[in-house]
Amino acid sequence: MLVVNDIAEIRNVISQFRQVGRRIGFVPTMGALHSGHATLIKQCSEQNDVTVVSIFVNHTQFNVQSDFDKYPRTFEADTEVARAAGADVIFAPASHDMYPPDFRTFVEPGQSADPMEGEGRPGHFRGVATVVVKLLNLVQPDIAYFGKKDFQQLAVVRETVESLNIPVVIRGVDTVREPDGLALSSRNVRLSDEARRQSPVIYRALIKVRDAYESGERTTYVLENLAMTEMQTEDLCRVEYATVCDARTLQSSEVASDNAVLCIAAWFDDVRLIDNIELTSTTK
Ligand code: AMP
(Lines give C-alpha, C1' and ligand atoms only; values in the text may rest on other atoms or scores of the structure.)
Protein backbone atom coordinates (compact mmCIF):
# COMPACT_ATOMS: atom_id res chain seq x y z
CA MET A 1 0.00 0.00 0.00
CA LEU A 2 1.30 3.40 -1.04
CA VAL A 3 1.03 6.43 1.26
CA VAL A 4 1.03 9.71 -0.67
CA ASN A 5 1.08 13.14 0.96
CA ASP A 6 2.05 15.25 -1.99
CA ILE A 7 -0.43 16.68 -4.52
CA ALA A 8 1.96 16.42 -7.48
CA GLU A 9 2.70 12.82 -6.51
CA ILE A 10 -0.95 11.73 -6.33
CA ARG A 11 -1.50 13.17 -9.81
CA ASN A 12 1.49 11.19 -11.03
CA VAL A 13 0.37 7.93 -9.37
CA ILE A 14 -3.17 8.31 -10.73
CA SER A 15 -2.02 9.06 -14.27
CA GLN A 16 0.15 5.91 -14.24
CA PHE A 17 -2.85 3.79 -13.21
CA ARG A 18 -5.00 5.47 -15.85
CA GLN A 19 -2.43 4.87 -18.61
CA VAL A 20 -2.72 1.12 -18.07
CA GLY A 21 -6.53 1.30 -18.00
CA ARG A 22 -7.13 0.62 -14.30
CA ARG A 23 -10.55 1.32 -12.85
CA ILE A 24 -10.07 3.61 -9.87
CA GLY A 25 -12.36 3.60 -6.83
CA PHE A 26 -12.20 6.30 -4.17
CA VAL A 27 -13.26 6.51 -0.51
CA PRO A 28 -12.87 9.98 1.01
CA THR A 29 -12.59 10.04 4.83
CA MET A 30 -11.44 12.25 7.68
CA GLY A 31 -9.67 9.35 9.40
CA ALA A 32 -10.52 7.84 12.82
CA LEU A 33 -11.49 4.80 10.76
CA HIS A 34 -13.90 2.18 12.15
CA SER A 35 -15.74 -0.80 10.66
CA GLY A 36 -18.19 1.54 8.89
CA HIS A 37 -15.33 3.05 6.90
CA ALA A 38 -13.81 -0.42 6.41
CA THR A 39 -17.07 -1.57 4.77
CA LEU A 40 -16.84 1.27 2.23
CA ILE A 41 -13.20 0.44 1.50
CA LYS A 42 -13.98 -3.30 1.13
CA GLN A 43 -16.84 -2.61 -1.28
CA CYS A 44 -14.60 -0.25 -3.24
CA SER A 45 -11.79 -2.78 -3.52
CA GLU A 46 -14.21 -5.49 -4.67
CA GLN A 47 -15.57 -3.28 -7.45
CA ASN A 48 -12.38 -1.57 -8.69
CA ASP A 49 -8.79 -2.36 -9.71
CA VAL A 50 -7.31 0.34 -7.49
CA THR A 51 -8.73 1.66 -4.21
CA VAL A 52 -7.66 5.12 -3.10
CA VAL A 53 -8.59 6.23 0.44
CA SER A 54 -8.10 9.85 1.40
CA ILE A 55 -7.52 10.84 5.00
CA PHE A 56 -7.93 14.57 5.42
CA VAL A 57 -9.51 16.46 8.30
CA ASN A 58 -11.07 19.26 6.28
CA HIS A 59 -11.17 22.43 8.37
CA THR A 60 -13.52 24.28 5.96
CA GLN A 61 -16.44 22.00 6.88
CA PHE A 62 -16.18 22.67 10.63
CA ASN A 63 -18.28 25.61 11.69
CA VAL A 64 -16.95 25.36 15.25
CA GLN A 65 -13.15 25.61 15.52
CA SER A 66 -12.97 23.55 18.73
CA ASP A 67 -14.67 20.59 16.96
CA PHE A 68 -11.90 20.69 14.37
CA ASP A 69 -9.23 20.86 17.09
CA LYS A 70 -10.85 17.95 18.99
CA TYR A 71 -11.31 15.73 15.92
CA PRO A 72 -9.49 12.41 16.57
CA ARG A 73 -6.30 11.98 14.55
CA THR A 74 -5.19 8.34 14.51
CA PHE A 75 -3.16 8.07 11.31
CA GLU A 76 -1.10 4.97 12.16
CA ALA A 77 -4.15 2.91 13.18
CA ASP A 78 -6.08 4.26 10.16
CA THR A 79 -3.48 3.03 7.67
CA GLU A 80 -3.78 -0.46 9.20
CA VAL A 81 -7.62 -0.45 8.95
CA ALA A 82 -7.42 0.79 5.35
CA ARG A 83 -4.75 -1.76 4.39
CA ALA A 84 -6.71 -4.65 5.94
CA ALA A 85 -9.87 -3.56 4.09
CA GLY A 86 -8.09 -3.55 0.72
CA ALA A 87 -6.81 0.00 0.14
CA ASP A 88 -3.99 0.35 -2.40
CA VAL A 89 -3.24 4.04 -1.92
CA ILE A 90 -3.70 6.36 1.05
CA PHE A 91 -3.80 10.01 0.08
CA ALA A 92 -3.21 12.25 3.09
CA PRO A 93 -2.46 15.79 1.91
CA ALA A 94 -1.32 18.60 4.18
CA SER A 95 -3.86 21.29 4.98
CA HIS A 96 -1.62 24.06 3.62
CA ASP A 97 -1.32 22.24 0.29
CA MET A 98 -5.10 21.79 -0.06
CA TYR A 99 -5.75 25.33 1.16
CA PRO A 100 -2.80 27.64 0.48
CA PRO A 101 -2.96 31.05 2.21
CA ASP A 102 -4.44 32.78 -0.86
CA PHE A 103 -7.21 30.15 -1.33
CA ARG A 104 -10.67 31.64 -1.83
CA THR A 105 -12.45 29.55 -4.47
CA PHE A 106 -15.41 27.70 -2.95
CA VAL A 107 -18.20 25.48 -4.27
CA GLU A 108 -21.66 26.77 -3.29
CA PRO A 109 -23.88 23.71 -2.87
CA GLY A 110 -27.48 23.48 -4.12
CA GLN A 111 -30.86 23.11 -2.44
CA SER A 112 -30.10 19.76 -0.80
CA ALA A 113 -27.67 21.62 1.50
CA ASP A 114 -30.30 24.00 2.90
CA PRO A 115 -32.36 22.10 5.54
CA MET A 116 -31.38 20.04 8.61
CA GLU A 117 -27.55 19.97 8.92
CA GLY A 118 -27.43 23.04 6.67
CA GLU A 119 -29.52 25.00 9.17
CA GLY A 120 -27.71 23.80 12.27
CA ARG A 121 -24.19 23.99 10.81
CA PRO A 122 -23.90 27.06 8.54
CA GLY A 123 -21.16 26.69 5.92
CA HIS A 124 -20.68 22.99 6.64
CA PHE A 125 -21.77 21.74 3.21
CA ARG A 126 -19.93 24.53 1.40
CA GLY A 127 -16.77 23.08 2.96
CA VAL A 128 -17.82 19.53 2.13
CA ALA A 129 -18.68 20.35 -1.51
CA THR A 130 -15.42 22.25 -1.94
CA VAL A 131 -13.16 19.53 -0.58
CA VAL A 132 -15.02 16.75 -2.40
CA VAL A 133 -14.65 18.54 -5.75
CA LYS A 134 -10.95 19.13 -5.06
CA LEU A 135 -10.40 15.48 -4.11
CA LEU A 136 -12.38 14.19 -7.11
CA ASN A 137 -10.26 16.39 -9.39
CA LEU A 138 -7.05 15.02 -7.87
CA VAL A 139 -8.00 11.33 -7.71
CA GLN A 140 -10.22 11.25 -10.85
CA PRO A 141 -12.00 8.07 -9.76
CA ASP A 142 -14.47 6.08 -11.83
CA ILE A 143 -16.57 5.47 -8.70
CA ALA A 144 -16.58 7.31 -5.36
CA TYR A 145 -18.15 5.77 -2.24
CA PHE A 146 -20.05 7.65 0.47
CA GLY A 147 -21.91 6.28 3.50
CA LYS A 148 -25.69 6.62 3.72
CA LYS A 149 -25.02 7.29 7.41
CA ASP A 150 -24.44 10.90 6.31
CA PHE A 151 -27.48 10.89 4.05
CA GLN A 152 -27.62 14.62 3.46
CA GLN A 153 -23.91 14.72 2.65
CA LEU A 154 -24.47 11.99 0.05
CA ALA A 155 -27.36 14.02 -1.46
CA VAL A 156 -25.24 17.19 -1.53
CA VAL A 157 -22.37 15.33 -3.20
CA ARG A 158 -24.76 13.86 -5.81
CA GLU A 159 -26.25 17.29 -6.53
CA THR A 160 -22.80 18.92 -6.76
CA VAL A 161 -21.41 16.28 -9.11
CA GLU A 162 -24.50 16.50 -11.32
CA SER A 163 -24.55 20.31 -11.35
CA LEU A 164 -20.85 20.64 -12.16
CA ASN A 165 -20.86 17.74 -14.69
CA ILE A 166 -18.12 15.86 -12.88
CA PRO A 167 -17.57 12.50 -14.61
CA VAL A 168 -17.80 10.12 -11.64
CA VAL A 169 -20.33 7.59 -10.36
CA ILE A 170 -21.38 8.30 -6.75
CA ARG A 171 -22.29 5.15 -4.86
CA GLY A 172 -24.10 5.19 -1.49
CA VAL A 173 -23.22 2.43 0.99
CA ASP A 174 -25.65 1.17 3.66
CA THR A 175 -25.08 2.28 7.24
CA VAL A 176 -23.09 -0.12 9.41
CA ARG A 177 -24.62 -0.51 12.90
CA GLU A 178 -23.86 -1.99 16.30
CA PRO A 179 -25.97 -5.08 17.08
CA ASP A 180 -28.42 -2.86 19.05
CA GLY A 181 -28.91 -0.53 16.08
CA LEU A 182 -26.62 2.40 16.97
CA ALA A 183 -24.93 3.61 13.77
CA LEU A 184 -21.13 3.35 13.97
CA SER A 185 -19.52 6.75 14.40
CA SER A 186 -16.23 8.07 15.73
CA ARG A 187 -18.34 10.07 18.22
CA ASN A 188 -19.80 6.98 19.92
CA VAL A 189 -16.76 6.57 22.17
CA ARG A 190 -17.62 9.92 23.76
CA LEU A 191 -21.01 8.65 25.01
CA SER A 192 -21.27 7.99 28.76
CA ASP A 193 -22.31 4.45 29.76
CA GLU A 194 -25.87 5.64 30.38
CA ALA A 195 -26.04 7.61 27.11
CA ARG A 196 -24.69 4.61 25.23
CA ARG A 197 -27.42 2.45 26.83
CA GLN A 198 -30.11 4.91 25.75
CA SER A 199 -28.73 5.72 22.27
CA PRO A 200 -30.43 2.84 20.34
CA VAL A 201 -33.67 4.80 20.85
CA ILE A 202 -32.76 6.60 17.62
CA TYR A 203 -32.83 3.35 15.67
CA ARG A 204 -36.09 2.31 17.34
CA ALA A 205 -37.64 5.63 16.24
CA LEU A 206 -36.40 5.08 12.67
CA ILE A 207 -37.91 1.57 12.54
CA LYS A 208 -41.25 2.75 14.01
CA VAL A 209 -41.56 5.40 11.32
CA ARG A 210 -40.52 3.02 8.54
CA ASP A 211 -43.17 0.52 9.72
CA ALA A 212 -45.85 3.23 9.76
CA TYR A 213 -44.78 4.44 6.30
CA GLU A 214 -44.87 0.91 4.95
CA SER A 215 -48.38 0.51 6.39
CA GLY A 216 -49.44 3.47 4.26
CA GLU A 217 -48.98 6.51 6.55
CA ARG A 218 -47.84 9.49 4.44
CA THR A 219 -48.69 12.53 6.55
CA THR A 220 -45.34 14.11 7.33
CA TYR A 221 -46.20 15.53 10.75
CA VAL A 222 -47.70 12.20 11.88
CA LEU A 223 -44.53 10.38 10.87
CA GLU A 224 -42.30 13.01 12.51
CA ASN A 225 -44.36 12.96 15.71
CA LEU A 226 -44.01 9.19 15.90
CA ALA A 227 -40.24 9.61 15.88
CA MET A 228 -40.34 12.40 18.49
CA THR A 229 -42.61 10.40 20.81
CA GLU A 230 -40.35 7.37 20.65
CA MET A 231 -37.23 9.42 21.35
CA GLN A 232 -38.88 11.08 24.36
CA THR A 233 -38.92 7.67 26.06
CA GLU A 234 -35.22 8.15 26.98
CA ASP A 235 -34.52 11.07 29.31
CA LEU A 236 -31.00 11.90 28.07
CA CYS A 237 -32.13 12.25 24.45
CA ARG A 238 -32.64 15.81 23.19
CA VAL A 239 -33.93 15.86 19.62
CA GLU A 240 -32.56 18.61 17.36
CA TYR A 241 -34.65 17.53 14.38
CA ALA A 242 -36.65 14.58 13.11
CA THR A 243 -37.48 15.44 9.52
CA VAL A 244 -39.23 13.50 6.77
CA CYS A 245 -38.25 14.81 3.34
CA ASP A 246 -37.74 13.76 -0.27
CA ALA A 247 -34.68 11.50 -0.54
CA ARG A 248 -33.23 13.29 -3.58
CA THR A 249 -34.01 16.98 -3.06
CA LEU A 250 -34.29 16.83 0.77
CA GLN A 251 -37.23 19.24 0.55
CA SER A 252 -40.18 18.67 2.90
CA SER A 253 -43.86 18.67 2.06
CA GLU A 254 -47.06 17.93 3.96
CA VAL A 255 -47.38 14.54 2.31
CA ALA A 256 -44.29 12.34 2.21
CA SER A 257 -43.13 11.35 -1.27
CA ASP A 258 -42.76 7.76 -2.51
CA ASN A 259 -39.00 8.12 -2.22
CA ALA A 260 -38.53 9.72 1.16
CA VAL A 261 -36.13 9.66 4.08
CA LEU A 262 -36.42 10.31 7.80
CA CYS A 263 -33.35 12.12 9.14
CA ILE A 264 -32.69 12.56 12.86
CA ALA A 265 -30.17 14.61 14.84
CA ALA A 266 -30.19 14.13 18.59
CA TRP A 267 -27.98 15.07 21.53
CA PHE A 268 -27.00 12.82 24.41
CA ASP A 269 -25.27 15.18 26.85
CA ASP A 270 -22.71 16.97 24.65
CA VAL A 271 -22.56 14.29 21.96
CA ARG A 272 -24.53 14.93 18.77
CA LEU A 273 -25.61 11.86 16.81
CA ILE A 274 -27.22 11.73 13.37
CA ASP A 275 -29.00 8.84 11.68
CA ASN A 276 -31.63 8.22 9.02
CA ILE A 277 -33.76 5.62 7.28
CA GLU A 278 -35.01 5.50 3.71
CA LEU A 279 -38.78 5.30 3.26
CA THR A 280 -39.73 3.66 0.00
CA SER A 281 -43.07 2.34 -1.18
CA THR A 282 -43.19 -1.40 -0.85
CA THR A 283 -46.69 -2.15 0.31
CA LYS A 284 -48.60 0.66 -1.38
P1 AMP B 1 -16.04 10.50 7.92
O2 AMP B 1 -14.57 10.27 7.88
O3 AMP B 1 -16.64 10.21 9.26
O4 AMP B 1 -16.44 11.81 7.32
O5 AMP B 1 -16.69 9.39 7.00
C6 AMP B 1 -16.14 8.97 5.79
C7 AMP B 1 -17.18 8.18 5.05
O8 AMP B 1 -17.57 7.05 5.82
C9 AMP B 1 -18.46 9.00 4.79
O10 AMP B 1 -18.90 8.74 3.47
C11 AMP B 1 -19.39 8.47 5.83
O12 AMP B 1 -20.75 8.57 5.46
C13 AMP B 1 -18.97 7.02 5.91
N14 AMP B 1 -19.43 6.41 7.19
C15 AMP B 1 -19.22 6.88 8.44
N16 AMP B 1 -19.84 6.09 9.36
C17 AMP B 1 -20.46 5.10 8.66
C18 AMP B 1 -21.28 3.98 9.02
N19 AMP B 1 -21.59 3.72 10.28
N20 AMP B 1 -21.74 3.19 8.03
C21 AMP B 1 -21.45 3.45 6.74
N22 AMP B 1 -20.67 4.49 6.32
C23 AMP B 1 -20.19 5.31 7.27
Item to check | Residues (within 18 Å of residue 128 (Cα to Cα) and open to solvent by 30 Å² or more (accessible area, probe 1.4 Å)) located in the stretch 168-184 | outcome: 169, 171
Next on the checklist: Exactly one of these conditions fails for residue 156: (1) in contact with a Gly (Cβ under 8 Å, 6 or more places away or on another chain); (2) open to solvent by 40 Å² or more (accessible area, probe 1.4 Å). Give me its number.
Outcome noted: (2)
Checklist entry - Which ranges mark the helices (runs of 4 or more DSSP H) fully within the stretch 34-130 that have 2 or more residues being under 19 Å from residue 140 (Cβ atoms), at pLDDT 95 or above and in contact with a Ser or Thr (Cβ under 8 Å, 6 or more places away or on another chain)? => result 35-47
Checklist outcome for this item: Of the residues in the stretch 185-226, those that are part of a loop (DSSP other than H, G, I, E, B) and surrounded by fewer than 18 Cβ atoms within 10 Å (Cβ to Cβ) come to 186, 187, 192, 200, 215, 216, 217
Checklist entry - Of these, 69, 49, which one is more than 15 Å from the ligand (Cβ to nearest atom), surrounded by 14 or more Cβ atoms within 10 Å (Cβ to Cβ) and farther than 23 Å from residue 133 by Cβ? => result 49
Checklist entry - Could you say whether any residue in the stretch 73-87 is of a type in the set (Val, Ile, Thr), under 20 Å from the mean Cα position of the chain (by Cα), surrounded by fewer than 19 Cβ atoms within 10 Å (Cβ to Cβ) and within 16 Å of the ligand (Cβ to nearest atom)? => result yes
Next on the checklist: residue 241 - would you say it is surrounded by fewer than 16 Cβ atoms within 10 Å (Cβ to Cβ) and aromatic (Phe, Trp, Tyr)?
Outcome noted: no
Item to check | Close pairs (6 angstrom Cβ cut-off, 6 or more residues apart or separate chains): more than 22 Å from residue 73 (Cα to Cα) in the stretch 175-188, more than 6 Å from the ligand (Cβ to nearest atom) and hydroxyl-bearing (Ser, Thr, Tyr) anywhere | outcome: 181/203; 182/199
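The values are calculated or read from the model by the stated rules, or taken from the named source; none is laboratory data. This structure is a prediction, so every number in the text was calculated from the model and none was measured. Methodologically, a virtual Cβ is constructed for each residue, glycine included, from the backbone with ideal geometry; neighbour enumeration extends over all protein chains shown. These area figures cover heavy atoms from the full protein model, side chains too; ligands, DNA and RNA do not enter into them. Shrake-Rupley method; radii C 1.70, N 1.55, O 1.52, S 1.80 Å.
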